[in-house]
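The next block holds one structure in the form of structure tokens; read it before the comments.
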Amino acid sequence: MNDDVSKRRLGRGLAALIGEMDQPMPVDAPNRGVSADQMVPIEFVGRNPRNPRRFFDDGELHELASSIRQHGIVQPIVVRTLASSQFEIIAGERRWRAAQLAGLIDIPVIVRDVDDKTALEIAIVENVQRSDLNPLEEALGYEQLIAEYGYTQNDLGEIIGKSRSHVANSLRLLKLPEPVRDLLAAGSLSAGHARALVPTSDPAALARTIVSKGMSVRDAERLAQNDIKAQSEPRPLAHQKDQKDSDTLALERTLSDALGLDVTINHKASGGQIRISYKSLEQLEEICRLLERR
């Protein structure tokens, strides 16, 4: 599928996209699959290993399974065809898992002919708009689209209906160490808690403090600011010229949050410098675009 066509199609929003996918397909539609509500053996359907969603709450799955036993699957599962009459899920993995728990032998599907890229885009759009992804899964999904298909943060914002800064702040969560990521994935920390920890000296230790004390996001931000301020306390004389006050550090963090990139401010009485660090040509192009808008 042409990249521009794909992006325009997804840019229409999830409602239009999923609505289109859930409609029966005309019988004479070429190379697009089969009509809606086709029943297939559940063992012929498998999950997409590239689906960004990794965590499924057992309690919610059993509740859905109970509903499926009584009423069946109300909304068909959207799939694509693989070799040997097998199907891979594009949207609806949660319903498929619950259907297995409910003991269903056959399930209703809608078959669509899409490539790997479009299948991944649809999975991310559906899950983000329905808030089915935890913050870490969301960030990893964005990273995958950027790494594999060259999307910019602005592109992703348009596709998912979020601001570019939302995408940038999501990606910043990937800078956190593994113990903090685990707490984020488990829901022990919110995205707001985790973002506050990114510039701190020991995010893992602070994360444990936040969880153990049940801190709010506002409390976590204050804890993080105290840590950042402590980093700027007077050092040995040889390093005093490199000190930064808490206001400068706070401004660095604000600019980093806004751009989704590392920002360093070197301020002196007579002036100073702002340094923006980037890791790819896509990030450089994004900086240039932002400057041109000014």
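The values are calculated or read from the model by the stated rules, or taken from the named source; none is laboratory data. Please read all numbers here as calculations on a predicted model, not as lab measurements. Here Cβ is always computed from backbone atoms with ideal geometry, including for glycine, and neighbour counts include all displayed protein chains. Each accessible area value is taken on the protein alone, full model and side chains, heavy atoms only, with ligands, DNA and RNA left out. Shrake-Rupley method; radii C 1.70, N 1.55, O 1.52, S 1.80 Å.
Observations on the model:
- Distant-in-sequence amide H partners of ASP106 (H built 1.01 Å from N, under 5 Å): ILE42
- Split the accessible area of region 102-212 by element, probe 1.4 Å, and carbon with sulfur accounts for 47%.
- In nm, spacing of pseudo-spin labels at ARG54 and LYS117 (7 Å Cα→C-beta vector): 2.6 nm
- For region 180-190, 3J(HN,Hα) per residue [Karplus equation, 6.51 cos²θ - 1.76 cosθ + 1.60, θ = phi - 60°, Hz, x = Gly/Pro]: 6, 4, 4, 5, 5, 5, 7, x, 6, 10, 8
- Take 152-158, 164-170 and order them by the average number of nearby Cβ atoms within 10 Å per residue, most first; the result is 164-170, 152-158.
- Summed side-chain charge close to GLU221 - residues other than GLU221 whose Cβ falls under 13 Å, Lys, Arg +1, Asp, Glu -1: +2
- Simple spin-label estimate for ALA83 and LYS268 in nanometres, 7 Å along Cα-Cβ: 6.5 nm
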